[in-house]
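Novice: What follows is a single structure, and I will ask about it in a moment.
The values are calculated or read from the model by the stated rules, or taken from the named source; none is laboratory data. As the structure is a prediction and not an experimental result, all values here were calculated from the model. Using ideal geometry, Cβ is built from the backbone for each residue, glycine included, and neighbour counts are taken over all protein chains shown.
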Amino acid sequence: MSIDKSFHKDFSPLYGERSISEGKLVTFKNPAPYRHYEIDIKLPEFTCKCPFSGYPDFAILKLIYQPHEFTLELKSLKLYINSFRECKISHEEVTNKILDDLVDSCKPYWMELEADFNPRGNVHTIIRVSYGKKKED
């Protein structure tokens, strides 16, 4: 069975694809730098590809962090996360790369990323990575 791609011939690259490819992580000044608080973000539609089979991998990403001087702008985070859709990368590598990139962009006091991958072949993988130490008031 083949898929007719002629419909998209005049629309490539699509506006969403252009937004993703041009996207950069954006931060803004922490509005309450005098307070230690947490930001909790869930990204339920993460996808990348298995580097061995090329099959898609799906995960729910859970990001929790304590901002220092800067916080992450959410639309730029969404576009950054979507940029992995065609990337062939292991669960472990992608989770660590995302954490490293987010830490580099906003330099939080503390950050934790959990990548809860959908089971495949009766194997369910959850990768948790963290940076820094939580601050208490």
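Novice: Within the stretch 82-100, restricting attention to residues that are β-branched (Val, Ile, Thr) and closer than 21 Å to Glu22 by Cα, which residue is surrounded by the fewest Cβ atoms within 10 Å (Cβ to Cβ)?
Specialist: Of all residues in the stretch 82-100, those β-branched (Val, Ile, Thr) come to 89, 94-95, 98.
Cutting the leftovers down to closer than 21 Å to Glu22 by Cα gives us 89, 94, 98.
Numbers: Ile89: 15, Val94: 23, Ile98: 21.
Step by step, filter the stretch 82-100, then rank; the result is Ile89.
Let's see how each residue does on (1) surrounded by fewer than 17 Cβ atoms within 10 Å (Cβ to Cβ); (2) more than 26 Å from Pro31 (Cα to Cα); (3) among the basic types (Lys, Arg):
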site	(1), (2), (3)
Leu63	no, no, no
Trp110	no, no, no
Phe117	no, yes, no
Arg120	yes, yes, yes
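Novice: I would also like to ask the following. Report, ordered by the first and then the second residue, all pairs with beta carbons closer than 6 Å, sequence separation of six or more or different chains, a first member in the stretch 43-66 that is over 16 Å from Thr125 (Cβ atoms) and touching a residue at least 60 places away in the same chain (Cβ under 8 Å), and a second member that is assigned to a strand (DSSP E or B) and among the aromatic types (Phe, Trp, Tyr).
Specialist: Within 6 Å, the pairs are Gln66/Trp110.
Novice: Within the stretch 44-79, track down each residue that is of a type in the set (Phe, Trp, Tyr) and outside any strand (DSSP E or B).
Specialist: Phe52, Tyr55
Novice: From Lys49, Lys24, Lys97, Lys88, which residue is within 30 Å of Lys135 (Cβ to Cβ) and modelled with pLDDT of 95 or more?
Specialist: On inspection, the qualifying residue turns out to be Lys97.
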